[in-house]
Every structure is written in C-alpha cells, then in structure tokens.
Amino acid sequence: MATNSLFLLPGDGIGTEIMAEVVKIIDWSNAEGLTDFSTDSGLAGGCAYDAHGEAISEDDMAKALKADAVIFGAVGGPKWDNVPYDKRPEAALLRLRKDLGLFANLRPAICYPALADASALKRELVEGLDILIVRELTGGVYFGEPKEIIDLGDGQKRGIDTQLYDTYEIDRIARVAFDLALTRGKKLHSADKKNVMKSGVLWDEVVRGVAKDYADVSFNHILADNCAMQLVRNPKQFDVIVTDNLFGDILSDVAAMLTGSLGMLPSAALGAPDPVTGKRKAMYEPVHGSAPDIAGQGIANPIAMIASYAMALRYSFGMTELADRVEGAIAGVLADGLRSADIAQENRKTVGTQEMGAAILAKLKA
Ligand code: NAD
Ligand code: IPM
Ligand code: MN
C-alpha cells in the first residue's frame, strides 16, 4: 500500500500540459521503487467552474486537506473573465492556500549556469544567482476585510481592499525566513512600505524583534519599491527576501526574469508543522499562471512545474537525494542545450513541453 499521497490539481491552460510531464516522473519513480506515491487528481479553476459552477468542489477541497501534498498546475484564462468574483478560477487557489493554512510561500530564483545568457539581464549580473523570496501567503490585502465595491450614488463607486497584518502572522513568516537564511547565505532583507503603510510599520517592528533571535543572520530592511529596482540592478546582493503577500507576488515575477523565464520558477506553499506529527500541509506550484497566450500549443516550459515537484520531494517527504536528482536532471538538459521557446537562444534546439519533459526523464533514468 502506498505510504504517501499526492493530490494533483492540473487546472487550466498550460497547467494540464505541464502536469502531464510531472505525472511521467512520478510513474517512473514509483516503478523504480524510489517513491511510493498514491495519486489522485481533481479539478480546480475554470475547469471546475465549468463542471460544478465553483472554482473548486467541496469534494476536491476535502481531498486536498487529506493529501500529504497537493501538486498544483495553474488556473485562469479569458474564458472566465466574466464569472462572479467569488467563483473566478483564482478563487480556488486562494481558498486552498487559506483553508490549508499555507502561510509560507518559498519562491527560489536560481539562474542555472546554462541560462546565464538567456536572462534579460547581462550574464555577469545573474551568473550564479540563488535567491529565495519568502512570501507571506494567507494574509494582507489578498484576504483583509472589508473587500468590496460599494455604490456611493451619483454614478460613483468605491473599490475597497484591506491590507491587514497581525503580529503573529508577521512573526511566523519571519521565523520561517530567518530559519531558511541560516541554511543558506545567512543574509535576510525584509521588504515593506513602512514609509507609507501602518501595516508596514508593524511588519518592520515584528521582523526586527525576530531578528534578535538570529544573531548569525545579517538583517537588512529595504523598502519594497527599492527592492524591485535592486533586483534588476544588482540581484546577487540578495540571499533571502521576506515580504508580504502582494509585494511577494510582484517581486517574485521580477526575480523570475533574472533566471531566464517565468517558466523556470517553482514554489512551495507550506503550513505550520503539526504539533504532534510534525507534518506540514503543503502545496507545490509554479509561480507562473495558465499562460492563455500559448495554451494548447504544446510549447510551455514544464521546468517550473517539475522543479515544484522536486520541492515537494524535499520539503514534504525529506527525499533530498531524489530532489537533487530531479534538479540535476533539469540542469543537465539545459547544459545539453535544450531550450523551450521562452528560453530560446541562438544555436540551441527549441523543444516543446513533451520533448523537454521526456529529456528530463531520460536524464533521470541515465
Ligand atoms: P502567466 O504567468 O500565465 O503568463 C505571463 C507570460 O509568461 C505569458 O506570456 C506566458 O506565455 C508566459 N509564461 C508563463 N508560464 C510559462 C511557461 N511555463 N512556459 C512558457 N511561457 C510561460 O500570467 P498572466 O498571463 O498574467 O495570467 C494568465 C492567467 O493565469 C490569469 O487568469 C491569472 O490570474 C492566472 N494566474 C494563475 C496563477 C496560478 O495558477 N498559480 C499564477 C499567475 C497567474
Ligand atoms: C501567484 C498568482 C496568484 C497570486 C493569483 C493567480 C491568485 O499570481 O501565485 O503568483 O496573486 O498569488
Ligand atoms: Mn503571481
């Protein structure tokens, strides 16, 4: 009997195309006896709305809550632009994050050596880049209430979102980030807008308090707008960046381009460890979306998705060796010169999603 369960939610657009490549890797590692995963899959996003009129069904939510890890593709697309707000494809993602308590979102941006010339930035700025954005994922303006549009009369309306953070939310994400910094370059930047936001003032106060418990980590405060600029000017000055939900969303898309493409960036969304079993709820997903502009063409880069699966092996199952092997296989095919369209380079063979997935699997088998 399988000991570990994965719940797969491929989603919409390129989500289904890139998930298919991960499934092949899971099937291989199960067949080799390297893993013992049971897998089940469900619907999330626009496909779930089409099937049940909701972005995710209660049945699939229950399965996600029970699984040892959720592997998520991507959701959304223009087809669902006009569905009611709380049934939008993205609502599935937000509900999964909230109901599973996945407050800590790890978004590593690593520039693989073979891609140093694929970045929009000069080689010397990105070569060897290895930064980790730790994004708070269940609070802030994404979830604060009130969140509504009210009618003011006279043709005027008011759109309201509420940026809101409590001490405990800042404290726990800061501790995750400092703990990770200890295992890496021992340098942490906290990005906020304390110059204009009260939630930023509290954010900074709490993170500075946590910093006192981590004397071995160099702590730096940075305003979020400057952080975006510095990521492009001199990204290698950063090791770990801890920030709130909205800034983390934006800064991680900026960081993605340092690695060559948004199609390269994986992520892990983690909950708090269970006090008895020590297990964390977790969901693994690429940072990118459903890429409606290229969906259905078979050209999406599956690397962010496959690297997200490697993060699942590492963070949910402690399978460090296999995670290293998967990441090594990704580095290997890139070193061999294989490129999907998003990281295409002169004199390099451009391959589709399936060919890239197959090449990574072949490296794993070798
Ligand atoms: P997107 O990330 O889907 O695409 C942005 C650009 O990057 C596009 O040009 C796309 O072709 C390219 N791209 C993204 N992933 C790629 C890959 N793996 N390979 C090659 N190219 C890739 O962002 P968007 O276009 O702003 O949003 C499209 C939809 O996705 C929206 O509905 C949005 O809400 C949703 N979205 C979902 C998630 C998620 O499910 N986690 C994340 C971001 C956006
Ligand atoms: C991401 C996405 C999501 C976010 C959307 C689709 C809700 O952009 O995971 O980066 O804003 O968090
Ligand atoms: Mn995003």
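The values are calculated or read from the model by the stated rules, or taken from the named source; none is laboratory data. Everything numeric in this text was worked out from a predicted model, so none of it was measured. Every residue, glycine among them, receives a Cβ derived from its backbone with ideal geometry; neighbour counts consider all protein chains shown.
Among the conditions (1) over 16 Å from residue 10 (Cβ atoms); (2) in a helix (DSSP H, G or I), the only one that residue 35 does not satisfy is (2). Scanning for something surrounded by fewer than 17 Cβ atoms within 10 Å (Cβ to Cβ), of a type in the set (Ser, Thr, Tyr) and in contact (Cβ under 8 Å) with a residue 60 or more places away in the chain, does segment 23-33 turn up at least one residue? There is no residue in segment 23-33 that is surrounded by fewer than 17 Cβ atoms within 10 Å (Cβ to Cβ), of a type in the set (Ser, Thr, Tyr) and in contact (Cβ under 8 Å) with a residue 60 or more places away in the chain. When restricted to residues that are over 25 Å from residue 80 (Cβ atoms) and in contact with a helix residue (DSSP H, G or I) (Cβ under 9 Å, 6 or more places away or on another chain), segment 1-31 contains 8. For first residues located in segment 272-291 and part of a loop (DSSP other than H, G, I, E, B), partners that are surrounded by 23 or more Cβ atoms within 10 Å (Cβ to Cβ) and of a type in the set (Lys, Arg) and lie 6+ apart or on another chain with Cβ distances below 6 Å form the pairs 287/107.
Taking the listed residues 278, 289, 248, the one that is outside the structural domain of residue 126 (by TED's automatic domain parsing) and more than 11 Å from ligand 1 (Cβ to nearest atom) is 278, with no other qualifying.
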